[in-house]
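A.B. asks: Would you mind keeping the following structure in view while I ask a few things?
The values are calculated or read from the model by the stated rules, or taken from the named source; none is laboratory data. Keep in mind that this is a model prediction, so the values were computed, not measured. Neighbour counts are summed over all protein chains in view; Cβ atoms, including those assigned to glycine, are modelled from backbone coordinates with ideal geometry. Just so you know, the surface numbers come from the protein's heavy atoms only, side chains and all, with ligands and any DNA or RNA stripped out. Shrake-Rupley method; radii C 1.70, N 1.55, O 1.52, S 1.80 Å.
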Amino acid sequence: VEQHLYDLAKADGVDVIIGNMYIGGCSLQKHLLNANTNKPAYKYRKIGLDGKKIQTLEVTLETALADEKWDYVSFQQKSGLSGIYESWAESLPELLAYVKARVPAKARMVIHQTWAYDSTSTHRDFHRYDHNQQKMYASIVNAVRKSSKLTKIKMVIPSGTAIQNARTTLLKDKVTRDGYHLSRPHGRYIAACTWLESVLGVNPVGNSYCPEGMSA
């Protein structure tokens, strides 16, 4: 959400404000603990209507949720647990209730489906999926589907599926830069396009925005 999404939306004439509550590799379990203790544990990265990103340190979830009248709030499990349904079921329902109590009633809840690691990834959590990319991808799809049903969150951003599809093209595993983080700019651009269409309903095909490092 921090790279390319604002520019894609702007190129289509859509005004957006984007907020990201950032802790690297943060699980839903940790988000819930931070919520319940009102812990100022986050880097609040906000992109305003002017496209400028401002980062504020030591911010609580409650503060960020009250900062704007958000139209959408997305939930994401850490990559290594994203294919483990039990890890979603353990924390997402309570975290969802916390968020819904602090945003406008019309705000839509969203689940972000992350991607499987590269087939040669050395990520410490890859063993959970027997170091098998297809197994990890299928597990993520299944866990997100079941979590959507559990929480009645109907909107899913299928970045994982978009990345998996991209791996069938000439890009192959070049959609990540280290086996699991998305590559610059291709991987990030693909994910941003997925957000654009899933959340805003804007088809990215033919969009005039072209990131630096990509050809038209």
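A.B. asks: Once phi is turned into θ = phi - 60°, what whole-Hz ³J(HN,Hα) does the Karplus curve with 6.51, -1.76 and 1.60 give for every residue of region 122-127, x standing for Gly and Pro?
C.D. replies: Values per residue, Gly and Pro as x: 9, 4, 5, 8, 5, 4 Hz.
A.B. asks: Summarise the accessible area of region 125-216 (1.4 Å probe, protein heavy atoms) by the percent that is carbon and sulfur.
C.D. replies: 52 percent
A.B. asks: Still on this structure, I have one more. Leaving out ligands and nucleic acids, note down the accessible area per residue over the chain with a 1.4 angstrom probe, in whole Å².
C.D. replies: 53 Å²
A.B. asks: So for each of 14-27, 203-216 I average, over its residues, the number of other beta carbons within 10 Å; can you give me the resulting order with the highest mean first?
C.D. replies: Those peptides, ordered most packed to least, come out 14-27, 203-216.
A.B. asks: Then there is this: Would you be so kind as to identify which of Val202, Ser87, Thr168 lies farthest towards the positive end of the dipole of the chain, taking Lys and Arg as +1 and Asp and Glu as -1 on Cβ and the Cα centre as origin?
C.D. replies: Ser87
A.B. asks: Report the local net charge at Gln77: Lys and Arg +1, Asp and Glu -1, summed over other residues whose C-beta lies under 15 Å from its C-beta.
C.D. replies: Surrounding charge for Gln77 is +1.
A.B. asks: What percent antiparallel are the DSSP beta bridges of region 62-216, to the nearest 5?
C.D. replies: Here the share of antiparallel DSSP bridges comes out near 10 percent.
A.B. asks: Follow-up. Along region 58-69, what does the Karplus equation 6.51 cos²θ - 1.76 cosθ + 1.60 (θ = phi - 60°) give for ³J(HN,Hα), rounded to whole Hz, x for Gly and Pro?
C.D. replies: In residue order, the calculated couplings are 6, 10, 8, 4, 4, 5, 5, 5, 8, 6, 9, 8 Hz.
A.B. asks: Further question: Share of antiparallel DSSP beta bridges in region 15-142, in percent to the nearest 5?
C.D. replies: Close to 70 percent.
A.B. asks: Given the options Arg177, Arg124, Arg102, which has the most mean-square fluctuation in a GNM of the chain, springs set between C-alpha atoms less than 10 angstrom apart?
C.D. replies: Largest GNM mean-square fluctuation: Arg124.
A.B. asks: Name the helices (complete DSSP H segments) of the chain with a Cα length along the long axis of 18 Å or more and a Kyte-Doolittle mean of at least -1.0, or state none.
C.D. replies: For the chain, where a helix must reach 18 Å along its axis and average at least -1.0, the hits are 85-100, 133-151, 186-200.
A.B. asks: Give me the percent of the accessible area of region 1-123 that comes from carbon and sulfur atoms, probe 1.4 Å, all protein chains in place.
C.D. replies: Taking all protein chains in place, region 1-123 shows 49 percent carbon and sulfur surface.
A.B. asks: Scan around Thr176 for amide H atoms under 5 Å from its own, H built in the peptide plane at 1.01 Å from N, and keep only partners 5 or more places away or cross-chain.
C.D. replies: Ser183
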